[in-house]
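Inspection log for the structure reproduced underneath, given as structure tokens.
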Amino acid sequence: MPWYKITNENELDSPSLLIYKERVRENIRKMIDIAGSAERLFTHVKTSKMPEIVKMMLEEGITKFKCATIAEAEISAMAGAKFVLIAHQLVGPKIERLIELSKLYPDVTFASLIDTLDIARAHNRAFGANGLISHVFIDVNSGMDRSGHPLDENIMDLYRYLSSQADIKLHGLHVYDGHIRADDFESRKHEIDEGFVDVKHFLEAIEAAGWPKPMVIAGGTPAFTSHALRAETYCSPGTCVLWDWGYGDKLSEQPFEYAALVLTRVISKPQKGIVTVDMGHKAVSAENPIDKRIRFLNLTDYELIGQSEEHGVLKVKDWDALQVGDVLYGVPFHVCPTVNLYDEAYVAENQQVNQVWQVLGRRRKISV
């Protein structure tokens, strides 16, 4: 029986998200092997968004986590994490929300990113007024141009300010190079290394100024296998916990396995050669072109030719073999936003589903 086949599939509604627990654990262990130790990982929880998966990582020795939202930071703390970096510069009401979250979980270190002096001052004032410390990393723009302070002559002024404030603790640098995605590992590694040269110069300037050596958190999943070779760098992969078709095809040197699938059913055969499934835009991430959304594991010679909110239309070669009600198992091209579409996930062990996990981190707000 294929690994993805669920023996009690007739009990499962569709479309639905399936999590294969054994494969998740194996992917976590592979991440640790690549990093050399669990200590080097700031695993990104924006992919899974489930406290239970954070607990699985904690069980394997990972203690530090990265996230994208305050809600994801809270589910990490709920699971037992003790160090959580929110990989955003928090502005406006989010500064107060982070303060409230810090009060709610006083034993957890919540850090955030800073790339602007005015926002650093706002953090200093707000946290100081509450008798708390703002834990921060400088967000460094190493070429992606999405966020971060450029590596210019002014970045040292920001570093100096953050290092001198009583109500701020500067832990180090956050360097995200997600724009580097070459298929070939050696080409990708070369480009990543070239982009890190100015970061090294900045680190040398920091040490020359007499400050302690900062932590450096670098890269995401595409850069993971490159930054893992940099002994003093912390790595923050995320997608590899669940894996997907997009990275599976592109990052051939990474040994991860699919651990999250979308289950859908044939709901109509409107004409010869065409079948419709209950997998529309609301069931699988639709930000990519239609040929990069889903790859079915138990169907061949097909093409996804249309989607609406609740329908997916397939052109299939073996039309007579498919019946209304048949179950299809598909790998998302991009698993992270696909997970975010679901309130809950079926959890499979030994090819049977007997648990449901809440995708709690998809919410914008939990407690604060």
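The values are calculated or read from the model by the stated rules, or taken from the named source; none is laboratory data. Everything numeric in this text was worked out from a predicted model, so none of it was measured. Reconstructed Cβ throughout: ideal geometry from the backbone, glycine too, with neighbour counts over all protein chains shown.
Restricting the stretch 309-368 to residues that are part of a helix (DSSP H, G or I) and touching a helix residue (DSSP H, G or I) at 6+ places or on another chain (Cβ under 7 Å), the residue that is surrounded by the fewest Cβ atoms within 10 Å (Cβ to Cβ) is L360.
Per-residue answers, yes or no, for (1) in a loop (DSSP other than H, G, I, E, B); (2) under 18 Å from the mean Cα position of the chain (by Cα); (3) under 21 Å from A223 (Cα atoms):
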{"site": "L263", "(1), (2), (3)": "no, no, no"}
{"site": "K269", "(1), (2), (3)": "no, no, no"}
{"site": "H281", "(1), (2), (3)": "yes, no, no"}
{"site": "V284", "(1), (2), (3)": "yes, yes, no"}
{"site": "E287", "(1), (2), (3)": "yes, yes, no"}
{"site": "D291", "(1), (2), (3)": "yes, no, no"}
{"site": "N298", "(1), (2), (3)": "yes, no, no"}
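When S187 is tested against (1) surrounded by 14 or more Cβ atoms within 10 Å (Cβ to Cβ); (2) on the phi < 0 side of the Ramachandran plot; (3) of a type outside the set (D, E), exactly one condition is not met: (1). Cβ separations smaller than 6 Å between residues 6+ apart or across chains give the following pairs from the stretch 192-209 residues that are assigned by TED's automatic domain parsing to the domain that holds P150 and closer than 20 Å to A228 by Cα to residues that are hydrophobic (A, V, I, L, M, F, W, C) and assigned to a helix (DSSP H, G or I): I192/A223.
Here is a yes/no grid of residues against (1) surrounded by 17 or more Cβ atoms within 10 Å (Cβ to Cβ); (2) closer than 24 Å to T338 by Cα; (3) in contact with a Phe, Trp or Tyr (Cβ under 6 Å, 6 or more places away or on another chain); (4) at pLDDT below 95:
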{"site": "P222", "(1), (2), (3), (4)": "yes, yes, no, no"}
{"site": "L229", "(1), (2), (3), (4)": "no, no, no, no"}
{"site": "T233", "(1), (2), (3), (4)": "yes, no, no, no"}
{"site": "L251", "(1), (2), (3), (4)": "yes, yes, no, no"}
{"site": "P255", "(1), (2), (3), (4)": "no, yes, no, no"}
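Per-residue answers, yes or no, for (1) in a helix (DSSP H, G or I); (2) surrounded by fewer than 19 Cβ atoms within 10 Å (Cβ to Cβ); (3) touching a His at 6+ places or on another chain (Cβ under 7 Å); (4) not hydrophobic (A, V, I, L, M, F, W, C):
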{"site": "N10", "(1), (2), (3), (4)": "yes, yes, no, yes"}
{"site": "D13", "(1), (2), (3), (4)": "no, yes, no, yes"}
{"site": "K49", "(1), (2), (3), (4)": "no, no, no, yes"}
{"site": "M57", "(1), (2), (3), (4)": "yes, no, no, no"}
{"site": "S76", "(1), (2), (3), (4)": "yes, no, no, yes"}
{"site": "A81", "(1), (2), (3), (4)": "no, no, no, no"}
{"site": "V91", "(1), (2), (3), (4)": "no, yes, no, no"}
{"site": "K103", "(1), (2), (3), (4)": "yes, yes, no, yes"}
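Of all the residues in the stretch 173-191, those that are without any contact (Cβ under 8 Å) to a residue 24 or more places away in the chain and of a type in the set (D, E) number 3. Scanning the stretch 69-124 for residues that are in contact with a Leu (Cβ under 7 Å, 6 or more places away or on another chain), of a type in the set (S, T, Y) and closer than 17 Å to S236 by Cα yields a total of 1.
Quickly run through the stretch 237-258 and pick out the residues that are over 14 Å from D33 (Cα atoms) and assigned to a loop (DSSP other than H, G, I, E, B).
If the condition is that a residue be over 14 Å from D33 (Cα atoms) and assigned to a loop (DSSP other than H, G, I, E, B), then G238, L242, W243, D244, L251, S252, E257, Y258 are the ones that fit.
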